[in-house]
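The structure appears below as C-alpha cells.
The values are calculated or read from the model by the stated rules, or taken from the named source; none is laboratory data. Remember, predicted model here, so these are calculated numbers, not experimental data. Here the Cβ is made from the backbone with ideal geometry for all residues, glycine too, and neighbour counts use every protein chain on show. Side chains are part of the model used for accessible areas, which takes the heavy atoms of the whole protein and leaves out ligands, DNA and RNA. Shrake-Rupley method; radii C 1.70, N 1.55, O 1.52, S 1.80 Å.
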Number of protein chains: 2
Amino acid sequence: MNFHLVSIFPHFFESPLGSGLMSKAVDTGLVGLDFVDVRQFAGGVYKSVDDRPFGGGPGMLLKLDPMVKALDSIPSRGRILMLSPRGKPFTQAQARELALEDDVTLICGRYEGIDERLLDLYPVELVSVGDFVLNGGEAAAVCLVEAVARLLPGFMGHEESGDEESFSAGLLEYPHYTRPEEFDGLTVPEVLRSGDHGRITAWRREQSLTATLRDRPDVLPTARLTVEDIDFLRRLPRTRLGRNLYIALCHYPVTNKFGEKVAVSVTNLDLHDMARVARSYGLGGFYATTPIEDQKALAERLLGHWREGAGAQANPDRAEAFAKVKVFDDIEGAVLDIEAQTGQRPRFAATSARLDRRKQAQPALTFGDVRSWLANSPVLLIFGTGHGLAEEVLSKTDGIVRPLRYLDDYNHLSVRSAVAIIVDRLVADEY
Amino acid sequence: MNFHLVSIFPHFFESPLGSGLMSKAVDTGLVGLDFVDVRQFAGGVYKSVDDRPFGGGPGMLLKLDPMVKALDSIPSRGRILMLSPRGKPFTQAQARELALEDDVTLICGRYEGIDERLLDLYPVELVSVGDFVLNGGEAAAVCLVEAVARLLPGFMGHEESGDEESFSAGLLEYPHYTRPEEFDGLTVPEVLRSGDHGRITAWRREQSLTATLRDRPDVLPTARLTVEDIDFLRRLPRTRLGRNLYIALCHYPVTNKFGEKVAVSVTNLDLHDMARVARSYGLGGFYATTPIEDQKALAERLLGHWREGAGAQANPDRAEAFAKVKVFDDIEGAVLDIEAQTGQRPRFAATSARLDRRKQAQPALTFGDVRSWLANSPVLLIFGTGHGLAEEVLSKTDGIVRPLRYLDDYNHLSVRSAVAIIVDRLVADEY
C-alpha cells in the first residue's frame, strides 16, 4: 500500500516514518512512502508556496498552483485526504477502510488554511484527528499513516493482530500487568495469575466496563452491552449529576396564546409525567408552583392520593415518584427550599419553545452550559405551562436554554415531552 | 516550557520536533525538549524493556522498573500525561490549560499496554488524541506538543495568535482564498475582494455555520449560536433522518402488571403528545393500533375533533400535528401502509423499559444501530401501552432498543415521556 504525502515539510516525516516497524514494512515492500515536496513545484525566484488570504485575517495560505502541480505529479493518487480540523473525525473504522486501498494521498495543509478551490479541483476528503489545532497536517498525517499501516496483514508480525478486539467493542481497554508479581508492595491481581481463562476473560470485561463508565461514559450509548454487562455496570459507583438538577412547573405567571399574562390549572397528568421523569432520572426535586389557593389544594389532594391513598396501594412505583414533588406559591419558594436542602443558592435556567428575540438578548444557553453548572451547584430549570413563561420570570433567570427543534418552524411539543427530552439531554443514562 | 518525553523510541521525535517553528522555539529557549530514553534505564544484558502480560493475550508490555527509573530521573516532572486510547479526549481547551504549565511529562506507552501499577505509583493522567489505535504514544505526543507549544506567546511570531477565534466558538473554520483571483475558471468569492469588513465577517460566519451543519452537526449543540446564526441555519438544506422514522403505539396485545395479555384503552393524551412529537421531529408517520372496534371509533372521533372540528379551529397547530396519525388494527396494518408509501418494507425495533432477560436474547439495539438503519430504510419503532409489549410482538421485531435508564433500578417513565426521549435521541435537532 502506497502513501503519497504532500507537504511543504517532507523532512518532518523522516524519523517517525523511518524507524521501528514502519521502516521494516517499507523494507519488505508492504508499505510504500512517497514524499511529494510542494516547494519543488513553486515558481518564481523565491519558490514561494504561500500568500495572504483575501478578505484579511491572520496567517498565510498555501497557494493553488504549486499544490495542483504537486498533486498532478502523482501517477496513482487513489483516495485523496486532507488533514484538517474542519474534517470529519478520523476513527478506527476509517483506518480499517483505508487499509483496503492500494494508494492513499494525504495533503498536509498548513492549518491557517489552504486555498479552498483545491476542493473544487480534486475529490478531497477532509479528516480531523481531533478537536485541537496544529501548525500543519504533518503530525496528524503521521498518526493516520501509522493507524492504517499497522492494520495491513504482516505489519505487526504473524502472531499479532493490529485490531484489538477490546477497542472494536466500543469499550476502553482493560489494564495489563507484567512481571514482577510484586513491585514496591503492589501486586498483580490474583485472577491474572490463576490460569483460569474464563475468570480472566470476565475480569477483563469488567475492568473495561469500569474504565469506560469512569472515563468515557460518552461511548457507552453505542457500545454493544449484554445483560451481564449492564448488571455489572449497575453495581458501580458513578457520577449522579441529576441530584443537582431541580425542575419547576410554573402555572403562574405564564402567557396565553395572545401573549397575555394568565394562570393555568394544575393537571394530574403534568404532575404525573414530570414526577416520573424526576424519579427515574434521580433529580433533586420537582416543584409545582401556583399562588391560587384552591389549585394548591387540588395539587395536594392529587399528591395525597398517589402518595398515601388508593393510588399508592395500587401502584407503589407512583408513590415513590410523587415523594419528591412539592407545591409552592412561586419560584422563590422553590429556591428557598433548595437553599435549605443544599446550603447553596441554585442557578436558574428558563426553557422556552421560542427563540429569544428581545433586543440585547444573550445567545441561548446550551445543554453543555447547564451541564457544567450542574457539576458545581444546584440548578433550577423552569418550565412554563400555557404558552410559556411570562417575561417577569424569564428576566430573573441566568439564561434561557436553546429551544428544542430550533432549526424547525414547527415546534409544538407538550410541556411533558419537553421536560422529558431536556432532562434526558442534561443527565442521560450514564450521568 | 519544558516537555519531558519518556519513550523507548526517542529517535522518533528528531525530525518532527527538530524543524520549522518548533526548532526556532527551542533555539530561543521558549520550549525545552528533554528526551528520556527508557531503554537506558533497563537492566540485564539485553536491556529488555518489555515482557509478556499476565493472563495471556497478544503483544508485549512495558515493564515497570525501567519506566519508574526513567520518571525518577526527571528533576521537575510537572503534570504527567500518558498518551493512550483509554484516555480522555485531548481538546483545544486542554491544550490551553497545559500551555500555562512550566513542565509537562509525556509518557509514550506502547499501545499494547503498560504495566497498570505505574498509575498507582505516579499521578498519571491518560489522554487520547482520537478513537484510533497507534503502535505507540509517540505520534500522539507530537500532536500534543505541537498543539500546546503553538499557544505559547511568541511561538507563532508577534503578528499571529495560535488560538483561532473560529475554532474557539465551536464551529468549523470558514474557507480561505488567496491569489490568483482566477484559477482554472474558478474565482475567489466577490465578497472577499470587496473590502467591506462587515460583509466579510458575516459571510465567513455563514460559511462556518454551513460547513458545521454539513460535516459536524454533532458540535452544534454546544456551539454558541445567536438568533441570527439560527435563522441562517434554518434556511440551509439538511439531512432529515426523521422522515424515515415511523412510530406506533400498540394498545393490543400488551401486558398488565401481572404479565397477562390485555388490551388497553386509547387515550386522548397519548395520541396528542405523540402526534406533537411526530410533527415536531418531522417523522414519517404515527400509528395507533387497536383491533377493538369501539376503540377505533373513539380514536377516529378524537382525530376528527382536532383535525376538522372545534379543536382544529381553536388550535391549528394541533390540526397539523394530527394530520399524520393513522389508526390500524395491528402492526401489520402499519407496515403495509409504510410499504405503500415508501415502496420499502420497514425494519422493526421494539422498545421496552426492561432488559430482555430471555434465554438467547440478543444484546439490545443501541440508538446508533437504529440511526444507521434510518439512513437506508424506513424504521418502525413500536411502543407498548400498559406494562409493555406482549411477547408475540417482541418476537417479530428485528431487535429491542436498550431501555432508557438502563443503569438504574427505577425506570417508570410514562410512554409519552419515553417516546419523546427516544425520538429525540434518534433524530435530535440537527438531523
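Taken together, A:65, A:27, A:37 contain a single residue that is more than 38 Å from the chain's Cα centre (by Cα) and within 19 Å of residue A:142 (Cβ to Cβ), which is A:27.
Exactly one residue among A:199, A:204, A:224, A:214 is in a loop (DSSP other than H, G, I, E, B), over 30 Å from residue A:391 (Cα atoms), not assigned by TED's automatic domain parsing to the domain that holds residue A:386 and not small (Gly, Ala, Ser), and that residue is A:224. Check whether at least one residue in segment B:363-372 is farther than 30 Å from residue B:223 by Cα and open to solvent by less than 10 Å² (accessible area, probe 1.4 Å), and report yes or no. Looking for residues that are farther than 30 Å from residue B:223 by Cα and open to solvent by less than 10 Å² (accessible area, probe 1.4 Å), one finds none in segment B:363-372, hence no. When segment B:308-329 is limited to residues that are over 35 Å from the mean Cα position of the chain (by Cα) and under 24 Å from residue B:374 (Cα atoms), the one that is most open to solvent (accessible area, probe 1.4 Å) turns out to be B:328.
Selection of segment A:48-65 for residues being more than 7 Å from chain B (Cβ to nearest Cβ) and open to solvent by less than 20 Å² (accessible area, probe 1.4 Å) yields A:49, A:62. Cβ separations smaller than 9 Å between residues 6+ apart or across chains give the following pairs from segment B:43-69 residues that are farther than 21 Å from residue A:202 by Cα to residues that are among the polar types (S, T, N, Q) and outside any loop (DSSP other than H, G, I, E, B): B:47/B:40; B:66/B:40; B:69/B:40.
In this structure, does residue B:128 turn out to be at pLDDT below 95, within 30 Å of residue B:1 (Cα to Cα) and more than 7 Å from every other protein chain (Cβ to nearest Cβ)? No: the conditions fail for residue B:128. Inclusion of residue B:94 among residues that are away from chain A (no Cβ under 12 Å), polar (S, T, N, Q), at negative phi and not in a strand (DSSP E or B) is not warranted. Selection within segment A:247-282: residues that are more than 17 Å from residue A:350 (Cβ to Cβ) and more than 11 Å from chain B (Cβ to nearest Cβ). The member of this set that is surrounded by the most Cβ atoms within 10 Å (Cβ to Cβ) is A:266. A single entry from A:314, A:297, A:310, A:323 fulfils the requirement of being in contact with a helix residue (DSSP H, G or I) (Cβ under 9 Å, 6 or more places away or on another chain), of a type in the set (A, V, I, L, M) and in the same structural domain as residue A:369 (by TED's automatic domain parsing): A:323. Within segment B:5-17, the residues that satisfy the criterion of being at the interface with chain A (Cβ under 9 Å from one of its Cβ atoms) and either among the β-branched types (Val, Ile, Thr) or in a helix (DSSP H, G or I) (or both) are B:11, B:12, B:13.
Could you go through segment B:129-136 and let me know if any residue there is among the acidic types (Asp, Glu), open to solvent by 10 Å² or more (accessible area, probe 1.4 Å) and assigned to a loop (DSSP other than H, G, I, E, B). Full working, then the answer.
Going residue by residue through segment B:129-136, those that are among the acidic types (Asp, Glu) are B:131.
Narrowing further to those that are open to solvent by 10 Å² or more (accessible area, probe 1.4 Å): B:131.
From what is left, the residues that are assigned to a loop (DSSP other than H, G, I, E, B) are B:131.
Yes - at least one qualifying residue is present in segment B:129-136.
Condition check for residue B:149 on (1) open to solvent by less than 10 Å² (accessible area, probe 1.4 Å); (2) modelled with pLDDT under 95: one failure, at (2). Across segment B:229-245, the number of residues qualifying as open to solvent by 20 Å² or more (accessible area, probe 1.4 Å) and part of a helix (DSSP H, G or I) comes to 6.
Only one entry of B:241, B:302 meets the criterion of being touching a Phe, Trp or Tyr at 6+ places or on another chain (Cβ under 8 Å) and more than 11 Å from chain A (Cβ to nearest Cβ), and that entry is B:241.
Where residues in segment B:12-34 are free of Cβ contacts under 8 Å to residues at least 24 places away in the same chain and on the phi < 0 side of the Ramachandran plot, which of them is surrounded by the most Cβ atoms within 10 Å (Cβ to Cβ)? Show your work before the answer.
Our first condition is that a residue be free of Cβ contacts under 8 Å to residues at least 24 places away in the same chain; within segment B:12-34, this holds for B:14-15, B:18-20, B:23-24, B:26-27, B:29.
Those left that are additionally on the phi < 0 side of the Ramachandran plot: B:14-15, B:18-19, B:23-24, B:26-27.
Values: B:14: 15, B:15: 21, B:18: 15, B:19: 15, B:23: 14, B:24: 14, B:26: 15, B:27: 9.
Step by step, filter segment B:12-34, then rank; the result is B:15.
Filtering segment A:411-421 to residues that are more than 7 Å from chain B (Cβ to nearest Cβ) and either open to solvent by 10 Å² or more (accessible area, probe 1.4 Å) or modelled with pLDDT under 95 (or both) leaves A:415, A:418. The helices (runs of 4 or more DSSP H) falling completely within segment B:329-410 that include 3 or more residues that are out of contact with any strand residue (DSSP E or B) (no Cβ under 6 Å at 6 or more places or on another chain), at the interface with chain A (Cβ under 10 Å from one of its Cβ atoms) and modelled with pLDDT of 95 or more map to B:367-374. There is no residue in segment B:277-294 that is more than 26 Å from residue B:259 (Cα to Cα), in the same structural domain as residue B:245 (by TED's automatic domain parsing) and more than 29 Å from the chain's Cα centre (by Cα).
This table checks each residue for (1) of a type outside the set (A, V, I, L, M, F, W, C); (2) open to solvent by 40 Å² or more (accessible area, probe 1.4 Å); (3) part of a helix (DSSP H, G or I).
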site: B:3; (1), (2), (3): no, no, no
site: B:36; (1), (2), (3): no, no, no
site: B:67; (1), (2), (3): no, no, yes
site: B:71; (1), (2), (3): no, no, yes
site: B:80; (1), (2), (3): no, no, no
site: B:100; (1), (2), (3): no, yes, no
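Consider segment A:112-125. How many of its residues are out of contact with any Lys or Arg (no Cβ under 9 Å at 6 or more places or on another chain), part of a loop (DSSP other than H, G, I, E, B) and more than 7 Å from chain B (Cβ to nearest Cβ)? Total satisfying the criteria: 1.
Test residue B:323 against the stated conditions and say whether it is within 21 Å of residue A:408 (Cβ to Cβ) and small (Gly, Ala, Ser). Write out each step before concluding.
Numbers: within 21 Å of residue A:408 (Cβ to Cβ): yes; small (Gly, Ala, Ser): yes.
In short, yes.
Where residues in segment B:158-169 are open to solvent by less than 30 Å² (accessible area, probe 1.4 Å) and over 21 Å from residue A:141 (Cα atoms), which of them is modelled with the highest pLDDT? Step by step, filter segment B:158-169, then rank; the result is B:169.
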